Structures are given as C-alpha cells and as structure tokens.
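*Asks:* Starting off with a structure, shown below.
The values are calculated or read from the model by the stated rules, or taken from the named source; none is laboratory data. Quantities reported herein were computed from a predicted structural model and do not represent experimental measurements. Methodologically, a virtual Cβ is constructed for each residue, glycine included, from the backbone with ideal geometry; neighbour enumeration extends over all protein chains shown.
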Amino acid sequence: MKYDPSAIEKKWQKRWLEEKTFAASTGSDKPKFYALVEFPYPSGQGLHVGHARPYTAMDVVARKKRMEGKNVLFPIGYDAFGLPTENYAIKNHIHPAKVTHDNIANFTNQLQMLGYSFDWDRVVNTTDPDYYKWTQWIFLQLYKHGLAYKTTMPVNWCTSCKCVLANEEVVEGVCERCGSPVIRKEKSQWMLKITEYAQRLIDDLDELDYIDRVKIQQKNWIGRSTGAEVDFPVTTGDSLTVFTTRCDTLFGATYMVVSPEHKLLEKWKDQIANWDEVTAYQAEAARKSDFERTELTADKEKTGVELQGVRAINPVNGKEIPIFISDYVLASYGTGAIMAVPAHDTRDWAFAKKFGCEIIEVVSGGEDVQKEAFTAKDDTGILVNSEFLNGLTVKEAIPAMTKWLEEKGIGREKVNYKLRDWVFSRQRYWGEPIPMVYCEKCGWQPISEDQLPLVLPEVESYEPTDDGESPLSKMTDWVTTTCPHCGGPARRETDTMPQWAGSSWYFLRYMDPDNHDALASKEALEYWSPVDWYNGGMEHTTLHLLYSRFWHKFLYDIGVVPTKEPYAKRTSHGMILGEGGEKMSKSRGNVINPNDVIAQYGADTMRTYIMFIGDFEKAAAWSDNAVKGCRRFLDRVWNLADQLTDSSDYTPANESAIHKAIKKVSDDIEALKFNTAIATLMALVNDFYANGCSKGDMRTLLLLLSPFAPHMAEELWESLGFNSDGMACQQAWPVYDESKTVASEVTLAVQVGGKLKTTIQVPVDSEQEAVLAAALADPKVAKLADGMELVKTILVKNKLVNLIFKPKA
RNA sequence: GCCGGUGUGAUGGAAUUGGUAGACGUGACGGACUCAAAAUCCGUUGGGCUAAUCCCCCGUGUGGGUUCGAGUCCCACCACCGGCACCA
C-alpha cells in the first residue's frame, strides 16, 4: 500500500483528541515534566512555519518524556490581546472579540493538523474574562504592595500606534511592533517597580539552566554598575549629586553637566542669568525624538548651555567649576547629573573641546590628554595630580577615594542599573482594563477584589484618539463610577494593560485552568512548578521572559507560588528564513504556509523537515528540495514495512547500529540536536535496506521515529500488529545496551608523524604492543618504517595510533 | 564603541569536545527500469596530479603559535549576524 499521509494523519489526530491521549493529570505518582512553548498571538495570517519549529521541537521532547514514564504537561493557549487584532477590527468594523474567536479557531485547527500532543483541555485565552480576572488580581496585589504607581514622566510614544511603549519595546528609536518613530511625551502612566527586583533578577540567573546568551542578554539589559555618588556644593547654597564609576578621577573634574530635565534647574531659576537660553535648550531637547537622540551617538556633535551665575565647587580641591546643561546626560540614569572629567572620558572630552573647558590629566599612562581622552580602567594607568591618590593604580584608587568620600560624608558607594521601571499603561482598547478608580477626595483606589473581573465594555469605536487617551475614555457611563473608599463620584482608569501582562503568568494558569477561586490551586502549583523546559524566541529575552520572571518573583514573595523562578530551563530556537536566506515576508512573496506543506507532503514530513532543517539554535533557510528528501525518507520507512523478516529479534548485522541509534537519538533530543537525531534514523534505515530488516528492528525504529513522525509511527505500529498494549506513543522508550554498541573488532587509524596513512582492523581494546605489531605489519607502514627508528607511539584506544619515526643514526 | 555569536564541499549542515574532516539530506553526473518521462533503485561526487576508485600533495575565513596530532586550544587580524548603545 502506498503511503498516503492525508488519510492516516486525520485518523490518528481524531483518536488522540477523542481518547485524550495527552491529558496531564495533576497529582499523578509518576514524576512530572512540564514542557512549555510560547503561546501564539492568534493573528489573522494564521500559523506560520516560524511557530512550527519550536512547537515541533517541544512536542518531540514531550512525546519522548511520556514514553520515558513522565507525567507530562504540554499545554497551549492564546495570547490574544493586542494591536493587530484591534487594528483589524477598526478597519473591518468587527468586534475584536469576534476576530479573536475566529482566529483562535483557525489556529487550533492548524495546530491539530500538525499532530501536536497538547493537552487540549487546558487551553487558556488571555482575553477571556475568567482568565484576565486573575491578571487584574495580580495587578491589584502589585498595587497593594507598593509595586504599582502612577506618575507623570516623559515616556516613549509611538506616533503610529498612538500609544506609550515600555523601554523594552523601543528598538533603535523606533516602535518594536510597527517600526514608526517614537517620540518623548509627558504622560501620566501606571508603572511597575521592576527595578526593585533588578538585583534578584541578576543573582538568580546563576541557579538556572538557561542558555548563556539569554543570561548574558538579560544581565546586560539590567545593566548593573557599581560606583559612587558624590555631592558637589553649589553657589546657590544647595548641592548637586552625581553618580560616577570613576571617582578616582575626581581631581580631574573640571565642570559639571545636568540633564535638561533636571529638577534643580527650576529651583535655581532666579539665579541663572541666562534663563531664556536654558529654557530654549530644554524645549529643543524635549522636541527631539528618541531616534534623533540615539542616532550616531558615538561622534555626535555635543550641544549644551552653560548656566550663568551658578557654579559648583569640586569638593576635593575647593575649585569653582562651571555647570552646563546638555542632552548627553540622561535624566533617567543615575542622578541625572555628572561630574565631567574630560581627560578620561571621551564624551566629556568632546564636550570640553567644543566649550573650551579645562582638561586636567589625573591618570598617566596614555597619550596626551589634550589630544585624546585616556579611558583605560586597568592597571596601566597611575594617578597623578591627585594629592593622596598619586601613585596608585586606577583599581587601587577607586576604593581609596570611595573610602575617603565616605569618611568626609560627601559621597558613598552606589549601585545603579540601566533597567527602568516598566511603563504599564496603554491607550488602547483591546487589553485588560486596569482595575483602578480615581476619586478627587481619596486619590487612586483599587477596585475591590470581589468586583473582578472588571470586564472590558463594548464601545462604539476602537479608534485610538489623537489626544492620547484610550478609546475607553469616551465611554462615559463606564468611566463614571463611585469611589470604592468613600462612595463619592469617581472615574475609572481608561488605559489598558500592555500585551505582556497576560503572558507574564499564563504558564501558571495551565496548571489549573478552570479554577474560580484562585489563579491556580495550591496543590496544582506545588505539583507542577516550576516549568521544567521552556523554549521560546530570543526576541522575548528582555521582554516577556524578564517580565514574567519579575511577576513570578513577586508572586513568590507574597506566598502565591512555591518557587522563586518560573522556568528551570530556557532554550531558544533560530528563525526560519525563506528560500535563499531572506526573511520571510509577504512583500518578498517567500512565505511558506504550513497548510500547503501538509497538503502536499503530510504533517509528518513537515515535522521531520522542520527538525532536520539545521542547527535548532541558528537561523535556517527553507528549501523545498530538502522537504522532498524528508518525504523520501518517510516513504522508505513505509515501504520497509512490506519486506520485513519475521523475527522479533534484531537482525545481527543491525544490532550494533540499533543500539547506537537509540543512544544517539535519546541524547540528541535532550541536547536540541534534532537534525542529527533524524540523520541517525536515516542512516539506520539505510542499514536496514542493506542488511534486511526484521520485525524487531522495525519495532524499535518506529518507537524512535514516533516523536518526529507520530502519525506514520502509529499507523505502522498498528498495521504490523505491535498494538496489543496500546499505541506507539504509549510504549516505553527503547533502552540501549552499551555492550551491544561495541563490535568485537574496530577500525583503527594509523598515523605516521601525525598524518593519516592507513587503517587497520584490530580486536576491541587492543593494547599498544598488539596495535604496534599490527600497524607495522601493514605494508604501507612497513615501507615508511624502513630505515627508520621508532621514537614514540601514541595510542588512543579503539581510535588511532600515531607512530613517530626518526632516521636511524 | 561595548557585549555575544558565526565562518567547513555546488548547497543545508555533521564531526564522540584535541584523535580517520565532509555523517545525513539536497543538487549534479553515470547506470538500471521505461516507448518516453516522472517516480524508484544502484553507483560516483572537496581540490590538484593521474590511464587509475594506486600513489603523492593541498584543504575547515586570513596570518602566526602550542601539540605526536588543531575545524576544535592560544595570539593577531578580516568578514558577516544578533543584542545594547551619550548608562557617566
């Protein structure tokens, strides 16, 4: 019979669904294993091949773990709030809930067509009020613990989405989602104090099994740096505090710079002689978009204005120095002010040259500081012109100066982070309403927990407004409410939460998706936590992954979840590119639709190919021809079933290869080396064709193949009558016998002087003497040995022997 | 600029982590089957030299080095990819 995937795939998908073959049971005695993939955003385009790669990979892992006797939780859901749906709804005048519902139906169908072993009874949907009730509940807990606050500050504003963005959502000055310019806008926003967790988010990475590039990227994003704060007296009578990592250079601080937004400026207003100039500069800085501010940062022309009539005093030498405002100093980092040491900082140097500030060398070891700043922080620099620090290296001078500052009470050690608090409001409709109410008398008040969920109301229009308010703000009867505290008139918050809210805790809901009394039961949380293996995209490293670690730590602190960290292991897959290596996009016309591949070759071919395509962690280009190769491989497996010998034992000629393949496939799946696991299976099938194949050979092959091509494996399993105790996916994973993987004889490479000359056959574990004799017996080696003296023999057991000769004296 | 990664046949990629470079797949070439094509099956396929699938030489971005032995380790460079970017 010819292999016809369209018939058999539906048959097995139906059966798995009906029998709930992959349902996880909370509390089972079997060891648990929680495998997680990032749930999709159900876009109108449907599932694309970029989803298939991580989903197939974790499906392979989940299927193998079940066969190894684990109670596996492998869930799926939908991260359905968000802008594309809202924009589609606006354009087509359909309610976003309806759009979401239809897209989810389409996604579900597509996911089932690929044969994924998800537990379909645990599907979550972030837009379901029963789900976002708990998203809102977590927000209220954050608020009650002082980690959510509303403040007015300059925020990133996407000009196209008409919505604020978190720092993490701004990439190179443009909107991460739509690519439009991001400007700075003063707005009152809900913020989450992720900075309070900065240190723990760094420290706890050490205990986690995350791939290194994820850890490094998160650490860099959090950006811890240790330095000191130093107070500079100012002629106005108050003092200006700066943060520096180079307090050793304090004697070289010849001027100061504050950011245009610095709050002391307003206070000094009356003493600043050129106030007009200052306000003009402030206005100009505020107008600049993030893109303009970040563009060409390295050699950007420095701008600024000197404050006339206000000067600072360098506390180490009493010298009076000027103060400038300049946008090269950021308001949001450190204290928003710096001491400038032009001799040893390239930015200060560039500014000093332009504005004619004094450049004083305080660390020797570089070139002429009038020509170039000397910034080395290692032992190459020796302090000069610095009184009590003279002669010390930079490394020695920093702690010495810190100690001195602390003793004098004018400075202190200080740690700073680049990480900013999380801007949590969005001026859009399709998101979770923020469950807060504003009362003129009582201020911001949380709504009572028994009022949750605060359901998103129906509105006439979902259009974002040009005044920067959420569409909800136009819903007068919804907005108007009473204060939960005093009962007086009050207004609801009309901003909604960002898309990252629902995805920050969804993995907890899978553990107990229908719970009405808690986000999940204690019992379920205890049983399933933490996620054992989470695979997802690198693009989420400093967004979703960081956010969810933060929420989880908070939930741990308030006793809701039992573990400090949500995910024990994190891996990441590379992108799937179009044929030729270009990014897949509609405009290039190189988008591969999984449905087409399934229709033409079958889901098993799609799965096998997407795993075989290349190194899982690297980007890989689609190739139609290579898909055919995988189909050919499956055809060969299928056809093998017609020519089996009857023995239930392994064919002797195949035995060693089978045991090696079991080991290789098992190890490779754990190590994300799916491509070589399939290569091993292909080679094994080639062996079976060469040596003949018994029923026993086939049985093991089908088990090893079943995670990759589960439909075919089940069909052959059944037709060959192996199914007396269940489906292939319910069998025990094959075990290999180490002793069977070694043959009695091995091929040994023979090198002379490190160069391969020939190979010889020797018994396994042969010792040097025997190997040497065999090697010298080889005519080729004998010829090379003629007239030579053997000076050294290196034997790598069962691998190679290297003979070093020198001419006989 | 800083941090991280990668560089291997025509091509996607292997290589037990210092031990026979090119597994497996694609493509190409030759053959079988066929009236023919497709499909399938068998063989060949890094380069040079050659009548030869004997020898020999070269070969993992470039140049050095360590080692009996280097794709793998060290130093310097080149190219590309990703992240961060005036973070004091």
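*Asks:* Return the residues of the range A:32-54 that are over 28 Å from A:Trp430 (Cα atoms), not hydrophobic (A, V, I, L, M, F, W, C) and not in a helix (DSSP H, G or I); say none if nothing qualifies.
*Replies:* The first filter runs over the range A:32-54 and keeps only residues over 28 Å from A:Trp430 (Cα atoms), leaving A:32-35, A:53.
Next, from what is left, pick out any that are not hydrophobic (A, V, I, L, M, F, W, C): A:32, A:34, A:53.
Of everything in the range A:32-54, those that are over 28 Å from A:Trp430 (Cα atoms), not hydrophobic (A, V, I, L, M, F, W, C) and not in a helix (DSSP H, G or I) turn out to be A:Lys32, A:Tyr34.
*Asks:* One residue is enough: does the range A:373-386 have a residue meeting the conditions assigned to a loop (DSSP other than H, G, I, E, B), in contact with a helix residue (DSSP H, G or I) (Cβ under 9 Å, 6 or more places away or on another chain) and among the aromatic types (Phe, Trp, Tyr)?
*Replies:* yes
*Asks:* So which residues in the range A:84-110 are closer than 30 Å to A:Ala709 by Cβ and surrounded by 21 or more Cβ atoms within 10 Å (Cβ to Cβ)? Spell out the reasoning first.
*Replies:* Of the range A:84-110, the ones closer than 30 Å to A:Ala709 by Cβ are A:103-110.
Answer for the range A:84-110, where residues must be closer than 30 Å to A:Ala709 by Cβ and surrounded by 21 or more Cβ atoms within 10 Å (Cβ to Cβ): A:Asn103, A:Phe107.
*Asks:* Taking the range A:224-255, which residues are of a type in the set (A, V, I, L, M, F, W, C), more than 11 Å from RNA strand B (Cβ to nearest atom) and in a strand (DSSP E or B)?
*Replies:* A:Phe232, A:Val234, A:Leu240, listed by residue number.
*Asks:* Give the range A:736-753 a look and list any residue that's aliphatic (A, V, I, L, M) and either in a strand (DSSP E or B) or without any contact (Cβ under 8 Å) to a residue 40 or more places away in the chain (or both), or say none.
*Replies:* As a first pass, look at the range A:736-753 and keep what is aliphatic (A, V, I, L, M): A:742-743, A:746, A:748-750, A:752.
Selection gives A:Val746, A:Leu748, A:Ala749, A:Val750, A:Val752.
*Asks:* May I ask you to list pairs of residues, at least six apart or on different chains, whose Cβ atoms are under 9 Å apart, with the first in the range A:324-350 being free of Cβ contacts under 8 Å to residues at least 60 places away in the same chain and over 23 Å from A:Ile410 (Cα atoms) and the second being near RNA strand B (Cβ under 7 Å from one of its atoms) and basic (Lys, Arg)?
*Replies:* Short answer, once both residue conditions are applied: A:Arg347/A:Lys302; A:Ala350/A:Lys300; A:Ala350/A:Lys302.
*Asks:* So A:Leu264 passes all but one of these: (1) surrounded by fewer than 21 Cβ atoms within 10 Å (Cβ to Cβ); (2) within 25 Å of A:Ile410 (Cα to Cα); (3) of a type outside the set (Gly, Ala, Ser); (4) within 11 Å of RNA strand B (Cβ to nearest atom). Which condition number does it fail?
*Replies:* A:Leu264 satisfies all of (1) surrounded by fewer than 21 Cβ atoms within 10 Å (Cβ to Cβ); (2) within 25 Å of A:Ile410 (Cα to Cα); (3) of a type outside the set (Gly, Ala, Ser); (4) within 11 Å of RNA strand B (Cβ to nearest atom) except (4).
*Asks:* Here are some residues: A:Ile598, A:Ile669, A:Ile613, A:Ile678. Which one is away from RNA strand B (no atom under 14 Å from the Cβ) and modelled with pLDDT of 90 or more?
*Replies:* A:Ile598
*Asks:* Looking only at helices (runs of 4 or more DSSP H) that fall completely inside the range A:633-731, which ones have 1 or more residues that are farther than 20 Å from A:Trp12 by Cβ?
*Replies:* Where helices (runs of 4 or more DSSP H) fall fully within the range A:633-731 and carry at least 1 residues being farther than 20 Å from A:Trp12 by Cβ, they are A:652-670, A:674-691, A:695-705.
*Asks:* Take the range A:107-166 and flag every residue that is within 30 Å of A:Trp12 (Cβ to Cβ) and of a type in the set (Gly, Ala, Ser).
*Replies:* Passing the criteria: A:Gly115, A:Ser117.
*Asks:* So which residues in the range A:387-420 are in contact with a strand residue (DSSP E or B) (Cβ under 7 Å, 6 or more places away or on another chain) and in a helix (DSSP H, G or I)?
*Replies:* Of everything in the range A:387-420, those that are in contact with a strand residue (DSSP E or B) (Cβ under 7 Å, 6 or more places away or on another chain) and in a helix (DSSP H, G or I) turn out to be A:Leu389, A:Val394, A:Ala397, A:Thr402, A:Leu405, A:Glu406.
*Asks:* Out of the residues in the range A:55-109 that are in a loop (DSSP other than H, G, I, E, B) and of a type in the set (Phe, Trp, Tyr), which is modelled with the lowest pLDDT?
*Replies:* Going through the qualifying residues, I end up with A:Phe81.
*Asks:* Now a separate question. Among the residues of the range A:630-662, write down those that are surrounded by fewer than 17 Cβ atoms within 10 Å (Cβ to Cβ), within 11 Å of RNA strand B (Cβ to nearest atom) and touching a residue at least 12 places away in the same chain (Cβ under 8 Å).
*Replies:* A:Asp635, A:Arg636, A:Asn639 - these are the residues of the range A:630-662 that are surrounded by fewer than 17 Cβ atoms within 10 Å (Cβ to Cβ), within 11 Å of RNA strand B (Cβ to nearest atom) and touching a residue at least 12 places away in the same chain (Cβ under 8 Å).
*Asks:* Looking for whichever is among the charged types (D, E, K, R), within 11 Å of RNA strand B (Cβ to nearest atom) and either within 45 Å of the chain's Cα centre (by Cα) or surrounded by 17 or more Cβ atoms within 10 Å (Cβ to Cβ) (or both) here; the options are A:Asp687, A:Asp725, A:Asp697, A:Asp737. Which one fits? Spell out how you get there, then give the answer.
*Replies:* On the way: A:Asp725 fails: within 11 Å of RNA strand B (Cβ to nearest atom); A:Asp697 fails: within 11 Å of RNA strand B (Cβ to nearest atom); A:Asp737 fails: within 11 Å of RNA strand B (Cβ to nearest atom).
Every option except A:Asp687 fails the conditions.
*Asks:* Please enumerate the residues belonging to the range A:786-809 that are closer than 14 Å to A:Val764 by Cα and either within 6 Å of RNA strand B (Cβ to nearest atom) or in a strand (DSSP E or B) (or both).
*Replies:* Within the range A:786-809, the subset closer than 14 Å to A:Val764 by Cα is A:795-801.
Residues satisfying the conditions are A:Leu795, A:Val796, A:Lys799, A:Leu800, A:Val801.
*Asks:* Further question: Which strands (runs of 3 or more DSSP E) sit wholly inside the range A:453-547 and have at least 3 residues that are under 34 Å from the mean Cα position of the chain (by Cα) and in contact (Cβ under 8 Å) with a residue 24 or more places away in the chain?
*Replies:* A:533-537
*Asks:* Of all residues in the range A:132-191, which are more than 27 Å from A:Arg509 (Cβ to Cβ), outside any strand (DSSP E or B) and acidic (Asp, Glu)?
*Replies:* The answer is A:Glu172, and nothing else.
*Asks:* While we're on this one: In the list A:Leu392, A:Leu383, A:Leu472, which residue meets the criterion of being within 29 Å of A:Cys163 (Cβ to Cβ) and of a type in the set (A, V, I, L, M, F, W, C)? It would help to see each step written out before you state the result.
*Replies:* On the way: A:Leu392 fails: within 29 Å of A:Cys163 (Cβ to Cβ); A:Leu383 fails: within 29 Å of A:Cys163 (Cβ to Cβ).
Going through A:Leu392, A:Leu383, A:Leu472 in turn, just one is within 29 Å of A:Cys163 (Cβ to Cβ) and of a type in the set (A, V, I, L, M, F, W, C): A:Leu472.
*Asks:* Considering the range A:378-397 alone, what residues qualify as being exposed (fewer than 13 other Cβ atoms within 10 Å of the Cβ) and touching a residue at least 40 places away in the same chain (Cβ under 8 Å)?
*Replies:* The one that is exposed (fewer than 13 other Cβ atoms within 10 Å of the Cβ) and touching a residue at least 40 places away in the same chain (Cβ under 8 Å): A:Glu387.
*Asks:* Moving on to the next point. For the range A:558-585, name all the residues that are modelled with pLDDT of 95 or more and either loosely packed, with under 15 Cβ neighbours inside 10 Å or of a type in the set (Phe, Trp, Tyr) (or both).
*Replies:* A:Ile558, A:Gly559, A:Pro562, A:Tyr567
*Asks:* Exactly one of these conditions fails for A:Asn625: (1) polar (S, T, N, Q); (2) within 7 Å of RNA strand B (Cβ to nearest atom); (3) within 20 Å of A:Ala57 (Cα to Cα). Give me its number.
*Replies:* (3)
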